[in-house]
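Student: Sharing a structure with you now.
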Amino acid sequence: MLRLENVHTGYGPIEVLKGLDLTVNEGEIVAVLGANGAGKSTTLMTISGIHPCRQGRISFRDDPIHDQPSHEIVRRGISQVPEGRRIFPRLTVRENLEMGGYSCRSALPGAIDRVFALFPILKERQQQLGGTLSGGEQQMLAISRALMAKPKLLLLDEPSLGLAPLIVAKIFDIIREINRRGVTILLVEQNANMALHVAQRGYVLETGRIVLHDTATNLMNNEQVKKSYLGG
């Protein structure tokens, strides 16, 4: 479904991604692990067209997208949930969702009903300002807003960041359910243990390069991964 081939990008003179190769097959959950500064968020922003690809190729369903603007990439079926959630705090829950569905306004009522079925708490809070929600509810809203565009591929950037363990477990249950409903997921996550338990495959990113790629089970049993990311 998604393929990155020899992707380079950076900020000014600083190169962040240094020849990245990565694939995501339809129906998978694929995890990207790495320390702060490894290039994980830059990878997602480059796929989304938010940050330009300086060299290489990104293709989605065999069509090149590395030269497309971000709104066109959303229209093609890729949505991103950014690190830190970045909801609109002064808009209501429902208005946040409507913003997420800007590319398919004719289908808004049905899309809102679907995310309310997945997140009943948001239905209860639909007239509440986004900024007054708890951290976990804001993460649910950020995920729901991305789902409003009916993506085929969902990019999740650190969905567990700053959340209590019980809420993290709930968010990962929701990630599994979204995948069961037919959405392919590329997951960037520092909580390597949770990420590898929901993913089928994983990549380890260090200083802009892939240093390991394997099944999630093999990565969980890899001594270097255990030492560096699983606290083993």
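Student: Quick one: what pairs do we get from region 171-190, first residue among the basic types (K, R), second assigned to a helix (DSSP H, G or I), C-beta under 8 Å, 6+ apart or different chains?
Tutor: From region 171-190, the pairs are R176/V198.
Student: What number of residues within region 1-42 are more than 17 Å from E158 (Cβ to Cβ) and in contact with a Leu (Cβ under 9 Å, 6 or more places away or on another chain)? Walk me through how you get there before you give the answer.
Tutor: From region 1-42, those more than 17 Å from E158 (Cβ to Cβ) are 1-15, 17-28; that's our starting set.
Within this subset, residues satisfying the condition of being in contact with a Leu (Cβ under 9 Å, 6 or more places away or on another chain) are 1-10, 17, 20-26, 28.
Residues flagged as more than 17 Å from E158 (Cβ to Cβ) and in contact with a Leu (Cβ under 9 Å, 6 or more places away or on another chain) within region 1-42 amount to 19.
Student: Restricting to region 131-150, and then to whatever is over 20 Å from the mean Cα position of the chain (by Cα) and not hydroxyl-bearing (S, T, Y), can you tell me which residue is farthest from R176 (Cα to Cα)?
Tutor: Only one residue tops the list, namely G131.
Student: Look at A35 and say whether it is modelled with pLDDT of 95 or more, closer than 25 Å to L161 by Cα and either more than 15 Å from the chain's Cα centre (by Cα) or aliphatic (A, V, I, L, M) (or both). Walk me through it before giving the result.
Tutor: Working: modelled with pLDDT of 95 or more: no; closer than 25 Å to L161 by Cα: yes; either more than 15 Å from the chain's Cα centre (by Cα) or aliphatic (A, V, I, L, M) (or both): yes.
No: the conditions fail for A35.
Student: Okay, next question. Just one of R209, R201 is within 24 Å of V7 (Cβ to Cβ), of a type in the set (K, R), assigned by TED's automatic domain parsing to the domain that holds S48 and buried (at least 18 other Cβ atoms within 10 Å of the Cβ); which is it? Working first, answer last.
Tutor: On the way: R209 fails: buried (at least 18 other Cβ atoms within 10 Å of the Cβ).
Result of the check over R209, R201: R201.
Student: Please work out if L133 is crowded, with 21+ Cβ neighbours inside 10 Å, touching a residue at least 12 places away in the same chain (Cβ under 8 Å) and more than 30 Å from R61 (Cα to Cα). Outline the logic, then answer.
Tutor: Values: crowded, with 21+ Cβ neighbours inside 10 Å: yes; touching a residue at least 12 places away in the same chain (Cβ under 8 Å): yes; more than 30 Å from R61 (Cα to Cα): yes.
Considered against the rule, which asks whether it is crowded, with 21+ Cβ neighbours inside 10 Å, touching a residue at least 12 places away in the same chain (Cβ under 8 Å) and more than 30 Å from R61 (Cα to Cα), L133 comes out as yes.
Student: Of all residues in region 212-231, which are within 19 Å of G39 (Cβ to Cβ) and loosely packed, with under 14 Cβ neighbours inside 10 Å?
Tutor: Matches in region 212-231: Q224 only.
Student: May I ask you to verify whether L141 is crowded, with 22+ Cβ neighbours inside 10 Å, touching a Ser or Thr at 6+ places or on another chain (Cβ under 6 Å) and not in a loop (DSSP other than H, G, I, E, B)?
Tutor: Details: crowded, with 22+ Cβ neighbours inside 10 Å: yes; touching a Ser or Thr at 6+ places or on another chain (Cβ under 6 Å): no; not in a loop (DSSP other than H, G, I, E, B): yes.
Here the answer is no, as L141 does not meet what is asked.
Student: Then there's this: Would you mind stating whether L156 is part of a strand (DSSP E or B) and not β-branched (V, I, T)?
Tutor: Values: part of a strand (DSSP E or B): yes; not β-branched (V, I, T): yes.
When the stated conditions are applied, L156 passes them.
Student: Answer yes or no: is there a residue in region 20-29 that is in contact with a helix residue (DSSP H, G or I) (Cβ under 9 Å, 6 or more places away or on another chain), at negative phi and surrounded by fewer than 16 Cβ atoms within 10 Å (Cβ to Cβ). Before the answer, list the steps.
Tutor: Taking region 20-29 as the starting set, the residues that turn out to be in contact with a helix residue (DSSP H, G or I) (Cβ under 9 Å, 6 or more places away or on another chain) are 20, 22, 27-29.
Restricting the remaining residues to those that are at negative phi gives 20, 22, 28-29.
Right, trim to surrounded by fewer than 16 Cβ atoms within 10 Å (Cβ to Cβ) and you get none.
Checked region 20-29: no residue is in contact with a helix residue (DSSP H, G or I) (Cβ under 9 Å, 6 or more places away or on another chain), at negative phi and surrounded by fewer than 16 Cβ atoms within 10 Å (Cβ to Cβ).
The values are calculated or read from the model by the stated rules, or taken from the named source; none is laboratory data. The shown structure was predicted, so the numbers you read here are calculated from the model rather than taken from an experiment. Cβ coordinates were reconstructed from backbone atoms using ideal geometry, including for glycine residues, and neighbour counts include every protein chain displayed.
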